[in-house]
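Structure record follows, encoded as structure tokens.
The values are calculated or read from the model by the stated rules, or taken from the named source; none is laboratory data. Bear in mind the structure is a predicted one, so any value in this text is a computation, not a measurement. Counting neighbours? That spans all protein chains shown, and the Cβs are built from the backbone with ideal geometry, glycine included.
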Amino acid sequence: MAVFMIYSSKEKQALELITAAKSVGAAEVKAVSINDEAQANALAAAGAEVSLISNDAITLADVAALASALGQAAAQLGADTILLSSDRRGKEIAGRLAAILDGGCLTEITAIKANGDKIECQRNALGGATVATQYIASDKKIIAIRPKTFDAPGAGSGSVSAMTVDVKASTIKLVETKTRAGDAVDIEAAEVLVAVGQGLKSQDELPAVEALAKKLGGEVACSKPVATDKKWLSEERIIGLSGKKCKPELAILLGISGQVQFTVGIRDAKVIVAVNSDEKATINSMADYILTADLHDVVKEMNTGL
């Protein structure tokens with residue numbers, strides 16, 4: 001039976017990985033936490049057997065050191081299947097860890113299931129035009145799962161124990177951190193998104209869209225041309241292959257035609273509402289609710305009614 005080990009530097013994503021491991025039959029989930037006792041306790045409270053590595057030589061900025069520590073942890077725990085979060089750091093760790101363990105690696109996974117002794121993984125392929133089902137044939141498996149693919153688990157009964165690894169002092173020194181200039185919005189974390197496309201006639205219409213998003217407790221997002229060509233919104237708000245992959249509870253899509261470059265970033269939303277004057281718009285094929293109408297009238301009426 002496979003022995004699962006999970007790791008993410010972010011507590012919420014690490015909790016999601018516990019659920020992911022259990023979804024493919026892991027009877028016991030072994031987790032690693034590095035220099036984060038609070039995270040270790042949270043994972044133990046969710047049922048994981050946590051190994052806490054406390055080593056000042058390891059910094060999050062040094063991905064090579066992180067991968068080295070995790071490789072040693074996997075060896076000590078006898079883990080043959082490592083689940084990571086498919087964020088920027090996790091994807092780099094996945095590649096490095098595959099090289100260290102001589103294993104196979106898949107990233108950007110959106111679904112996993114057990115099929116006999118295989119773990120079948122789904123991920124976007126051909127630029128998002130299709131979903132491929134793949135599995136790792138090698139003994140060591142490193143799988144990076146997209147954040148928000150799984151929910152956090154309920155309460156459990158785990159434990160925390162100390163683990164020692166041999167990592168050389170990092171040659172990378174973190175001097176300073178600065179908030180990124182410009183728009184600091186995180187549309188991936190939003191539970192509600194109101195997204196605009198090229199059906200929006202003028203930048204002057206944006207305040208009404210922003211007002212609607214605020215009333216719904218959400219954020220404004222957009223298709224790529226609205227940000228890169230028209231420059232009405234920042235690139236931090238782009239949904240799709242060139243931007244963010246989002247999984248909100250509700251996505252209201254205003255004047256968006258439905259090109260695959262956009263839909264790949266929003267198709268996992270729990271509820272999709274498409275507003276478009278074209279009743280044959282491609283976006284309607286993936287929507288839960290369709291409103292064939294002028295988006296400007298719809299936004300006005302919704303703002304009035306809320």
(request) For S54, indicate whether it is of a type in the set (G, A, S), crowded, with 17+ Cβ neighbours inside 10 Å and touching a residue at least 12 places away in the same chain (Cβ under 8 Å). (result) no
Is it fair to say D204 is at pLDDT 90 or above, more than 30 Å from T149 (Cα to Cα) and in a helix (DSSP H, G or I)?
yes
Residue count, region 138-159, condition farther than 27 Å from L106 by Cα, touching a strand residue (DSSP E or B) at 6+ places or on another chain (Cβ under 8 Å) and either of a type in the set (S, T, N, Q) or not assigned by TED's automatic domain parsing to the domain that holds A38 (or both), comes to 1
With criteria (1) touching a strand residue (DSSP E or B) at 6+ places or on another chain (Cβ under 7 Å); (2) part of a loop (DSSP other than H, G, I, E, B), T171 comes up short on (1)
Flagged in region 266-306 as out of contact with any helix residue (DSSP H, G or I) (no Cβ under 8 Å at 6 or more places or on another chain) and closer than 17 Å to I238 by Cα, in numbering order, are I266, D268, A269
Here the qualifying pairs (Cβ atoms under 6 Å; residues six or more apart or on different chains; first in region 27-40 and in the same structural domain as T81 (by TED's automatic domain parsing) and over 9 Å from E11 (Cα atoms); second of a type in the set (S, T, Y) and part of a strand (DSSP E or B)) come out as V32/Y7; V32/S51
Wholly inside region 45-129, strands (runs of 3 or more DSSP E) that include 3 or more residues that are within 21 Å of the chain's Cα centre (by Cα) are 81-85, 104-109, 111-115, 118-125
